[in-house]
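The values are calculated or read from the model by the stated rules, or taken from the named source; none is laboratory data. Bear in mind that the values here come from a model prediction, so they are computed numbers and not experimental data. Don't worry about glycine lacking a Cβ; one is built from the backbone with ideal geometry, like all the others, and counts go over all protein chains shown. Areas reflect the complete protein model, heavy atoms only, side chains present, ligands, DNA and RNA absent. Shrake-Rupley method; radii C 1.70, N 1.55, O 1.52, S 1.80 Å.
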Amino acid sequence: MGEDPNAIRADIERTRAEMGDTVDALGYKADVKSRTKDRISETKDRITGKVSDATPDGGQVKKAAGVAQENPLGLAVGGIAAGFLVGMLVPSSRVEDEKIGPMADQVKDQIKETGQEAMERGKDVAQQAAETAKEAGREHADELRDSAQDRAQTVSG
């Protein structure tokens, strides 16, 4: 019964801080819209970071653009698949579940299958573009090597 008032105050402050953290965490968990935006933003940042790390030079871009022009359907299918995947990250609402119900499940299953096929096709197109870009890089490196060897021979000769 004879607890120190300063210890009681410190205990109250600690409890308030813990409850504040708990309330903030519960608020964030209940805010689906913000969580979805955060997840999309994190995914976008991760993807843009990977893309910017692997950005090709002008020649590689031209060859990759040529592949895309040769196969615009594959590029479109890949874009649709990417949009589909982003759409799948967003949770369905209660109203959607009530109004659409079982039919939505069938449509979702069909869309998943189509999306997976589209994703595979998009991967193939992206892989072709990457291979083309790699080959262009190798050709450019070979040209630079040959040019450097020619100059070295000219200087030494």
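Could you tell me whether any residue of segment 101-113 is in a helix (DSSP H, G or I) and modelled with pLDDT under 70?
Yes, segment 101-113 contains at least one residue that is in a helix (DSSP H, G or I) and modelled with pLDDT under 70.
Of these, MET1, MET88, which one is outside any helix (DSSP H, G or I), modelled with pLDDT under 80 and more than 30 Å from ALA136 (Cβ to Cβ)?
MET1 is the lone residue from the list that is outside any helix (DSSP H, G or I), modelled with pLDDT under 80 and more than 30 Å from ALA136 (Cβ to Cβ).
Scan segment 1-23 for residues that are within 30 Å of VAL90 (Cβ to Cβ) and open to solvent by 100 Å² or more (accessible area, probe 1.4 Å) and the total you get is 1.
Just checking, does segment 120-142 include any residue being open to solvent by less than 90 Å² (accessible area, probe 1.4 Å), part of a helix (DSSP H, G or I) and in contact with a Pro (Cβ under 6 Å, 6 or more places away or on another chain)? So far as segment 120-142 goes, yes, one or more of its residues are open to solvent by less than 90 Å² (accessible area, probe 1.4 Å), part of a helix (DSSP H, G or I) and in contact with a Pro (Cβ under 6 Å, 6 or more places away or on another chain). Kindly check whether there is at least one residue in segment 24-38 that is under 22 Å from GLY137 (Cα atoms), open to solvent by less than 100 Å² (accessible area, probe 1.4 Å) and modelled with pLDDT of 70 or more. No, because not a single residue in segment 24-38 is under 22 Å from GLY137 (Cα atoms), open to solvent by less than 100 Å² (accessible area, probe 1.4 Å) and modelled with pLDDT of 70 or more.
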